[in-house]
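One structure is given here, and the rest of the page talks about it.
The values are calculated or read from the model by the stated rules, or taken from the named source; none is laboratory data. Since this is a predicted model, take the numbers as computed values, not measurements. Glycine gets a Cβ as well: all are built from the backbone with ideal geometry, and neighbour counts include every protein chain shown.
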Amino acid sequence: MDEKNLENLKFQLQQLHNEAHEFVQSIPPMQLYGAIGVVIFTISFFLIIRLFKRRASNTIVLTGLSGSGKRVLFYQLRDGSSHLGTVTSMEPNEETFVLHSETTKKGKVKPVHIVDVPGHSRLRPKLDEFLPHAAGIVFVVDAVEFLPNVRAASEYLYDILTKASVVKRKIPLLLLCNKVDKVTAHTKDFIRKQLEKEID
(Lines give C-alpha, C1' and ligand atoms only; values in the text may rest on other atoms or scores of the structure.)
Protein backbone atom coordinates (compact mmCIF):
# COMPACT_ATOMS: atom_id res chain seq x y z
CA MET A 1 0.00 0.00 0.00
CA ASP A 2 1.54 3.27 -1.03
CA GLU A 3 1.60 6.47 0.99
CA LYS A 4 -1.19 8.16 -0.96
CA ASN A 5 -3.64 5.29 -0.29
CA LEU A 6 -2.64 5.28 3.36
CA GLU A 7 -3.37 8.99 3.66
CA ASN A 8 -6.69 8.51 1.88
CA LEU A 9 -7.66 5.70 4.27
CA LYS A 10 -6.62 7.78 7.25
CA PHE A 11 -8.75 10.69 6.02
CA GLN A 12 -11.79 8.42 5.52
CA LEU A 13 -11.42 6.95 9.00
CA GLN A 14 -11.15 10.44 10.50
CA GLN A 15 -14.26 11.53 8.61
CA LEU A 16 -16.16 8.44 9.80
CA HIS A 17 -15.06 9.12 13.37
CA ASN A 18 -16.27 12.73 13.15
CA GLU A 19 -19.67 11.67 11.76
CA ALA A 20 -20.10 9.09 14.52
CA HIS A 21 -19.14 11.66 17.14
CA GLU A 22 -21.67 14.16 15.75
CA PHE A 23 -24.38 11.48 15.70
CA VAL A 24 -23.74 10.57 19.33
CA GLN A 25 -23.76 14.27 20.27
CA SER A 26 -27.17 14.70 18.62
CA ILE A 27 -28.77 11.97 20.77
CA PRO A 28 -30.29 13.23 24.03
CA PRO A 29 -28.22 11.97 27.00
CA MET A 30 -31.13 10.10 28.61
CA GLN A 31 -31.75 8.07 25.45
CA LEU A 32 -28.05 7.35 25.09
CA TYR A 33 -27.75 6.17 28.69
CA GLY A 34 -30.89 4.09 28.31
CA ALA A 35 -29.58 2.42 25.15
CA ILE A 36 -26.22 1.68 26.77
CA GLY A 37 -28.01 0.26 29.82
CA VAL A 38 -30.17 -2.03 27.68
CA VAL A 39 -27.12 -3.31 25.78
CA ILE A 40 -25.17 -3.96 28.99
CA PHE A 41 -28.17 -5.66 30.63
CA THR A 42 -28.76 -7.88 27.58
CA ILE A 43 -25.13 -8.95 27.34
CA SER A 44 -24.98 -9.63 31.09
CA PHE A 45 -28.22 -11.61 30.96
CA PHE A 46 -26.98 -13.89 28.18
CA LEU A 47 -23.60 -14.37 29.85
CA ILE A 48 -25.25 -15.38 33.12
CA ILE A 49 -27.57 -17.81 31.34
CA ARG A 50 -24.63 -19.31 29.48
CA LEU A 51 -22.64 -19.72 32.69
CA PHE A 52 -25.39 -21.44 34.61
CA LYS A 53 -26.96 -23.44 31.84
CA ARG A 54 -25.66 -26.98 31.75
CA ARG A 55 -26.10 -29.14 28.76
CA ALA A 56 -27.55 -32.46 29.69
CA SER A 57 -24.81 -35.01 29.36
CA ASN A 58 -25.43 -38.30 27.64
CA THR A 59 -22.14 -39.93 28.65
CA ILE A 60 -22.20 -43.15 30.63
CA VAL A 61 -18.86 -44.36 31.95
CA LEU A 62 -18.29 -48.11 32.32
CA THR A 63 -15.58 -48.85 34.84
CA GLY A 64 -14.44 -51.54 37.21
CA LEU A 65 -11.51 -53.86 37.70
CA SER A 66 -9.72 -55.35 34.76
CA GLY A 67 -11.48 -58.49 33.53
CA SER A 68 -14.83 -57.65 35.08
CA GLY A 69 -16.63 -57.71 31.72
CA LYS A 70 -16.88 -54.05 30.79
CA ARG A 71 -15.92 -54.63 27.16
CA VAL A 72 -18.54 -57.38 26.72
CA LEU A 73 -21.14 -55.10 28.31
CA PHE A 74 -20.12 -52.33 25.91
CA TYR A 75 -20.72 -54.59 22.90
CA GLN A 76 -24.01 -55.88 24.30
CA LEU A 77 -25.25 -52.34 24.73
CA ARG A 78 -24.09 -51.38 21.25
CA ASP A 79 -25.21 -54.27 19.09
CA GLY A 80 -26.51 -57.04 21.34
CA SER A 81 -23.53 -59.31 20.75
CA SER A 82 -21.06 -60.47 23.35
CA HIS A 83 -17.99 -60.39 21.08
CA LEU A 84 -16.54 -63.42 22.80
CA GLY A 85 -12.80 -63.47 22.91
CA THR A 86 -12.36 -59.81 23.76
CA VAL A 87 -9.15 -58.90 25.50
CA THR A 88 -8.31 -56.45 28.22
CA SER A 89 -8.14 -53.00 26.70
CA MET A 90 -5.31 -50.56 27.15
CA GLU A 91 -7.23 -47.56 25.82
CA PRO A 92 -10.72 -46.29 26.57
CA ASN A 93 -13.30 -47.62 24.16
CA GLU A 94 -15.89 -44.95 23.44
CA GLU A 95 -18.70 -44.60 20.99
CA THR A 96 -22.02 -42.81 20.62
CA PHE A 97 -24.89 -45.03 19.57
CA VAL A 98 -28.53 -45.88 20.16
CA LEU A 99 -28.69 -48.70 22.68
CA HIS A 100 -29.40 -52.05 21.06
CA SER A 101 -32.46 -52.54 23.27
CA GLU A 102 -33.86 -49.21 22.04
CA THR A 103 -33.50 -49.83 18.31
CA THR A 104 -36.91 -51.47 17.97
CA LYS A 105 -38.75 -48.63 19.69
CA LYS A 106 -40.68 -46.14 17.65
CA GLY A 107 -40.31 -42.42 18.02
CA LYS A 108 -37.27 -40.35 18.72
CA VAL A 109 -34.60 -42.35 20.52
CA LYS A 110 -31.53 -40.42 21.60
CA PRO A 111 -28.07 -41.91 21.22
CA VAL A 112 -25.91 -42.43 24.29
CA HIS A 113 -22.18 -41.85 24.57
CA ILE A 114 -20.71 -44.94 26.25
CA VAL A 115 -17.13 -44.95 27.48
CA ASP A 116 -15.44 -48.19 28.56
CA VAL A 117 -12.48 -47.15 30.73
CA PRO A 118 -9.73 -49.75 31.26
CA GLY A 119 -9.64 -51.18 34.76
CA HIS A 120 -5.91 -51.75 35.04
CA SER A 121 -4.51 -49.74 37.95
CA ARG A 122 -1.97 -47.91 35.77
CA LEU A 123 -4.68 -46.85 33.33
CA ARG A 124 -7.23 -45.62 35.87
CA PRO A 125 -6.17 -41.97 35.62
CA LYS A 126 -7.85 -42.00 32.19
CA LEU A 127 -11.14 -42.12 34.10
CA ASP A 128 -10.58 -38.51 35.18
CA GLU A 129 -10.87 -37.40 31.55
CA PHE A 130 -14.46 -38.64 31.31
CA LEU A 131 -15.95 -38.08 34.77
CA PRO A 132 -16.52 -34.32 34.39
CA HIS A 133 -18.82 -35.06 31.43
CA ALA A 134 -20.49 -38.17 32.82
CA ALA A 135 -24.22 -38.41 33.35
CA GLY A 136 -23.75 -41.70 35.15
CA ILE A 137 -21.19 -44.32 36.13
CA VAL A 138 -21.61 -48.08 35.86
CA PHE A 139 -19.17 -49.90 38.13
CA VAL A 140 -18.88 -53.48 36.85
CA VAL A 141 -18.01 -56.28 39.28
CA ASP A 142 -17.27 -59.89 38.32
CA ALA A 143 -19.68 -61.89 40.50
CA VAL A 144 -17.69 -65.11 40.04
CA GLU A 145 -14.22 -63.78 40.86
CA PHE A 146 -15.48 -61.31 43.44
CA LEU A 147 -13.94 -62.55 46.70
CA PRO A 148 -10.31 -62.56 45.56
CA ASN A 149 -10.81 -59.03 44.23
CA VAL A 150 -13.06 -57.56 46.92
CA ARG A 151 -10.38 -55.31 48.41
CA ALA A 152 -9.19 -53.96 45.05
CA ALA A 153 -12.78 -53.43 43.88
CA SER A 154 -13.79 -51.62 47.05
CA GLU A 155 -10.70 -49.38 46.93
CA TYR A 156 -11.37 -48.48 43.32
CA LEU A 157 -15.05 -47.87 44.04
CA TYR A 158 -14.13 -45.67 47.02
CA ASP A 159 -11.70 -43.69 44.85
CA ILE A 160 -14.46 -43.04 42.33
CA LEU A 161 -17.06 -42.10 44.94
CA THR A 162 -14.71 -39.59 46.56
CA LYS A 163 -13.52 -37.88 43.38
CA ALA A 164 -14.33 -34.18 43.43
CA SER A 165 -16.13 -34.25 40.08
CA VAL A 166 -18.39 -37.10 41.22
CA VAL A 167 -19.17 -35.52 44.58
CA LYS A 168 -19.71 -32.01 43.22
CA ARG A 169 -22.00 -33.08 40.38
CA LYS A 170 -23.62 -35.91 42.36
CA ILE A 171 -23.11 -38.32 39.49
CA PRO A 172 -25.22 -41.44 40.02
CA LEU A 173 -23.38 -44.76 40.21
CA LEU A 174 -24.82 -48.16 39.36
CA LEU A 175 -23.14 -51.25 40.74
CA LEU A 176 -23.50 -53.90 38.04
CA CYS A 177 -22.81 -57.51 39.03
CA ASN A 178 -21.64 -59.31 35.92
CA LYS A 179 -21.77 -63.09 35.33
CA VAL A 180 -24.54 -63.64 37.91
CA ASP A 181 -25.95 -66.38 35.70
CA LYS A 182 -22.98 -68.63 36.57
CA VAL A 183 -23.47 -71.29 39.24
CA THR A 184 -20.48 -70.11 41.28
CA ALA A 185 -21.49 -66.44 41.17
CA HIS A 186 -22.09 -64.51 44.36
CA THR A 187 -25.43 -62.77 44.85
CA LYS A 188 -25.77 -59.05 44.34
CA ASP A 189 -26.73 -58.57 48.00
CA PHE A 190 -23.60 -60.40 49.15
CA ILE A 191 -21.44 -58.31 46.82
CA ARG A 192 -23.04 -55.05 47.96
CA LYS A 193 -22.62 -55.94 51.65
CA GLN A 194 -19.00 -56.97 51.19
CA LEU A 195 -18.19 -53.75 49.35
CA GLU A 196 -19.91 -51.69 52.03
CA LYS A 197 -18.00 -53.55 54.74
CA GLU A 198 -14.67 -52.96 52.99
CA ILE A 199 -15.39 -49.28 52.37
CA ASP A 200 -16.46 -48.67 55.98
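The table that follows gives values for the structure above.
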quantity	calculated
When residues of segment 148-164 are limited to those that are surrounded by 12 or more Cβ atoms within 10 Å (Cβ to Cβ) and among the hydrophobic types (A, V, I, L, M, F, W, C), the one farthest from VAL117 (Cα to Cα)	VAL150
Flag if VAL167 is under 16 Å from the mean Cα position of the chain (by Cα), of a type in the set (A, V, I, L, M, F, W, C), surrounded by fewer than 16 Cβ atoms within 10 Å (Cβ to Cβ) and over 13 Å from VAL61 (Cα atoms)	yes
Cross-chain or 6+ apart pairs with Cβ under 6 Å, segment 131-148 first and in the same structural domain as ILE160 (by TED's automatic domain parsing) and of a type in the set (Gly, Ala, Ser), then surrounded by 17 or more Cβ atoms within 10 Å (Cβ to Cβ) and not in a strand (DSSP E or B)	ALA134/ILE171; ALA143/LYS179; ALA143/ALA185; ALA143/HIS186
Check on PRO125, within 17 Å of SER66 (Cα to Cα) and either at pLDDT below 90 or surrounded by fewer than 18 Cβ atoms within 10 Å (Cβ to Cβ) (or both)	yes
Residue in segment 85-95 that is modelled with pLDDT of 80 or more, outside any helix (DSSP H, G or I) and touching a Ser or Thr at 6+ places or on another chain (Cβ under 7 Å) present	no
Residue that is surrounded by 12 or more Cβ atoms within 10 Å (Cβ to Cβ) and assigned by TED's automatic domain parsing to the domain that holds LYS70, where the choices are VAL183, VAL117	VAL117
So VAL109, is it surrounded by fewer than 16 Cβ atoms within 10 Å (Cβ to Cβ) and free of Cβ contacts under 8 Å to residues at least 12 places away in the same chain	yes
Flag if GLY136 is surrounded by 14 or more Cβ atoms within 10 Å (Cβ to Cβ), of a type outside the set (Asp, Glu), touching a strand residue (DSSP E or B) at 6+ places or on another chain (Cβ under 9 Å) and under 17 Å from LEU65 (Cα atoms)	no
